[in-house]
1. Identify, from the list 26, 91, the residue that is more than 25 Å from residue 148 (Cβ to Cβ) and modelled with pLDDT under 95.
2. Going through 105, 121 one at a time, which residue ends up being modelled with pLDDT of 95 or more, under 23 Å from residue 78 (Cα atoms) and surrounded by fewer than 20 Cβ atoms within 10 Å (Cβ to Cβ)?
3. How many residues does the range 83-101 hold that are surrounded by fewer than 21 Cβ atoms within 10 Å (Cβ to Cβ), in contact (Cβ under 8 Å) with a residue 40 or more places away in the chain and closer than 21 Å to residue 127 by Cα?
4. So, residue 15, is that one more than 23 Å from residue 145 (Cα to Cα), touching a strand residue (DSSP E or B) at 6+ places or on another chain (Cβ under 8 Å), at pLDDT below 90 and assigned to a helix (DSSP H, G or I) or not?
5. Scanning the range 21-35 for residues that are in contact with a strand residue (DSSP E or B) (Cβ under 8 Å, 6 or more places away or on another chain) and outside any helix (DSSP H, G or I), which turns out surrounded by the fewest Cβ atoms within 10 Å (Cβ to Cβ)?
6. Given the conditions (1) closer than 26 Å to residue 27 by Cα; (2) out of contact with any helix residue (DSSP H, G or I) (no Cβ under 9 Å at 6 or more places or on another chain), report the number of the one that residue 149 does not fulfil.
7. Only residues in the range 102-120 that are free of Cβ contacts under 8 Å to residues at least 40 places away in the same chain count as the first member; pair them with residues that are assigned to a helix (DSSP H, G or I), Cβ under 9 angstrom, at least 6 apart or cross-chain, and list the lot.
C-alpha cells in the first residue's frame, strides 16, 4: 500500500457517487463526511486490503480499480468503485470472513470502525442511510450468489 500521487479527493468522490453498485442512499453531504474522516490509500496489484481472520477494524470504500474477494483461497466475488469491503465484519463486530486483494491498482478510502461509529452518533441520518445502503448491497450480492448456484 502506498500513499503517493493519485487522483484528487474530489475526483474520487465524484466517481463514488456515480458508481454502479455504490451506497445508493448516501447523499453528497454523506459522502463528503465519510471521505473527510477517511484516509485515501492506494494499493498495487496483489496487495491485500483485508485478510480473512485478521484483527482488522477497517472499512474500505473502493473509489477506483477492482478487488477480488476470496474465502479460504477460493475466488468468491469481484468488487469495484462505490463498493465496500470489510462491511460484514463491521456489521457483525467480528473478524473478516474473506480476503480482499487488489486485482489492479486500487484507490480507496480507509475508515476505522470507531471513527465510523462516532460519525453515526453525531449524524444519525448518515448512519440510517449507510446501513440501508449496505442492506441493499448485501441483498444484491446474495441474489447474485443464488443465481450462480442455480446454474
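The values are calculated or read from the model by the stated rules, or taken from the named source; none is laboratory data. Quick caveat, the model's predicted, so the values are computed rather than measured. Because the Cβ atoms are built from the backbone with ideal geometry, glycine has one as well, and the counts that use them run over all protein chains shown.
1. Numbers: 91 fails: more than 25 Å from residue 148 (Cβ to Cβ).
Of the residues listed, the single one that is more than 25 Å from residue 148 (Cβ to Cβ) and modelled with pLDDT under 95 is 26.
2. Values: 121 fails: under 23 Å from residue 78 (Cα atoms).
Matching residue, one of 105, 121: 105.
3. Residues in the range 83-101 being surrounded by fewer than 21 Cβ atoms within 10 Å (Cβ to Cβ), in contact (Cβ under 8 Å) with a residue 40 or more places away in the chain and closer than 21 Å to residue 127 by Cα: 3 in total.
4. Numbers: more than 23 Å from residue 145 (Cα to Cα): yes; touching a strand residue (DSSP E or B) at 6+ places or on another chain (Cβ under 8 Å): yes; at pLDDT below 90: yes; assigned to a helix (DSSP H, G or I): yes.
So residue 15 fits the description; yes.
5. In the first step, residues of the range 21-35 are kept if they are in contact with a strand residue (DSSP E or B) (Cβ under 8 Å, 6 or more places away or on another chain); the result is 21, 23, 34-35.
Now narrow it down to the ones that are outside any helix (DSSP H, G or I): 21, 23.
Details: 21: 16, 23: 24.
Ranking the candidates gives 21 first.
6. (1)
7. Short answer, once both residue conditions are applied: 117/127; 120/126; 120/127; 120/128; 120/130; 120/131.
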